[in-house]
């Protein structure tokens, strides 16, 4: 097919950008309560007073970033100026301050300025102003304790102004990993964003598809299917939007005039791989190692005595008939073995439990408490994704050192 034919071919898409998870609509569906709560916390800035800082938690795709970016549109009403920092990219104290400095002070766009110079210029600039710094994926910052302490204490030096932090994290235990010094420098509120329900995801997809596709392209059954799939994978609206746009691409490539359940199912496999890679590659190193240990158990079987119910391996408990569950003690042993094989020092049992909580919140694992079996009460853990697909992704991520720069907290 010639280039001219490809470019002139009609498409079922009207505005593909609207379907992107990064697009911020004028109206954010099903996040009114969260918007009101954040605005209420930030409201003192409208009276030239410093608001409290906020830590926002929630699984991937629960609208944390979209909500905060939506609120940035009201900077004039809040009498505040915002700086947004993606900490996955700007992952150190210096890089964060440099990014914030560039946002507000044009001459700091040049390279070569030291940390102390940037800090002093920022403090001077903040005089008489309310600055709100959004640190998205704040747990990706290597020296986050130093960063938060520095920003918190900067308010002692700012004349008639202040710096407020909005920290966004997928990890509920993030704050627990901070040292006492950085915690004491902050005065903050906390919020947790709940996952979207299937009906809420359907509403979001319906609204986007009206603008993103030509009229009557996406069948209602296709929207319902995407919403149901996404609700099962921890209520992730970003996943739902990716699946919608990929299904549209499948239909478009076949010159179909509608998006049906068939296109959704075709698109599903590729989107799931993309989501797994993104979720895994940005995890702290020891959470990746723990997942690799669980994937190894899942594909290789258990050495523990059988808990009952069958499953893969000698000791796997097939509680729901899909992937096997393993006892927490066995998984910790496998985690320690995997650490040893990778030349890493295993973390304490306390941090192991924190990692499990984070991974469950992200929808990567599932945990249940049970009193069944020869060892009495135990916590059972299973993967929520196909171990055979997940294992090579983890092995590649760890071998390439992708995880090496992410902070896990303290052992």
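Is region 197-279 rounded, prolate or oblate when judged by the Cα gyration tensor, a ≥ b ≥ c being the square roots of its eigenvalues, rounded requiring a/c under 1.5 and prolate requiring a/b larger than b/c?
On the way: a/c = 1.88, a/b = 1.23, b/c = 1.53.
Because a/c hits 1.5 or more and a/b fails to exceed b/c, region 197-279 counts as oblate.
Could you identify which residue out of 106, 167, 300 has the top mean-square fluctuation in a GNM of the chain using Cα springs shorter than 10 Å?
For the chain, modelled as a Gaussian network with Cα springs under 10 Å, the answer is 106.
Given the Cα-Cα distance of residue 258 and residue 5 and 0.36 nm per residue of separation, how much length would full extension add, in nm? Display every interim value, and only then the final one.
Details: separation 253, 0.36 × 253 = 91.08 nm, distance 2.09 nm.
Working it through step by step, the gained length comes to 89.0 nm.
Take every DSSP beta bridge whose two residues both sit in the chain, then give the antiparallel share in percent to the nearest 5.
Working: 10 of 34 bridges.
Approximately 30 percent, going by the DSSP bridge assignments.
Quick check on the exposure proxy: order 274, 139 from fewest to most C-beta atoms within 10 angstrom. The partial results should precede the final answer.
On the way: 274 14, 139 26.
Sorted ascending by nearby Cβ count, the order is 274, 139.
Arrange 368, 141, 275 by Cβ neighbour counts within 10 Å, fewest through most, would you?
Numbers: 368 13, 141 24, 275 20.
In order of increasing Cβ crowding within 10 Å: 368, 275, 141.
Using the count of nearby Cβ atoms within 10 Å as a rough guide to exposure, how do 397, 92 rank from fewest to most?
Taking fewest neighbouring Cβ atoms as first place, the list is 92, 397.
Can you tell which of 236, 216, 145 shows the greatest fluctuation in a Gaussian network model of the chain with Cα springs below 10 Å?
216
For region 197-279, what does the relative contact order come out to in percent, with C-alpha contacts under 8 Å and a separation of six or more? It would help to have the intermediate numbers written out before the result.
Numbers: 81 pairs, mean separation 26.3, N = 83.
Once divided by the residue count of region 197-279, the mean separation gives 32 percent.
Any idea how far apart residue 39 and residue 278 come out in nm if each label point goes 7 Å out from Cα toward Cβ?
Each label point is offset 7 Å from its Cα along the Cβ direction, giving 2.8 nm.
Given a Förster distance of 25 Å, report the FRET efficiency between residue 350 and residue 146 from their Cβ-Cβ distance, rounded to the nearest 0.05.
Details: r = 23 Å, r/R0 = 0.92.
That pair, residue 350 with residue 146, gives E of 0.60.
Working out 0.36 nm times the residue gap between residue 124 and residue 197, then minus their Cα-Cα distance, what length gain in nm do you get to one decimal? List each step's numbers first, then the result.
Details: separation 73, 0.36 × 73 = 26.28 nm, distance 4.57 nm.
Here the segment from residue 124 to residue 197 would lengthen by 21.7 nm.
Between 355, 196, 94, find the one with the highest GNM mean-square fluctuation for the chain; connect C-alpha pairs within less than 10 Å.
Answer for the Gaussian network model of the chain: 94.
What distance in nm lies between label points placed 7 Å from Cα along the C-beta direction at residue 342 and residue 183?
Once both label points are built, they end up 2.7 nm from each other.
Using Cα-Cα distances under 8 Å and only pairs 6 or more residues apart, what relative contact order does the chain have, in percent? Could the numbers behind the result be given before it?
Details: 673 pairs, mean separation 70.4, N = 411.
Value for the chain: 17 percent.
Place the peptides 259-265, 28-34, 3-9 in order of packing, highest mean first, counting for every residue the other Cβ atoms within 10 Å and averaging per peptide. Numbers along the way, then the final one.
Details: 259-265: 19.9, 28-34: 16.3, 3-9: 8.0.
My ranking of the peptides, most packed first, is 259-265, 28-34, 3-9.
None of the figures in this text is laboratory data; all of them are computed from the coordinates on show. Worth saying up front: this structure is predicted, and the values here are computed from it rather than measured. Every residue, glycine among them, receives a Cβ derived from its backbone with ideal geometry; neighbour counts consider all protein chains shown.
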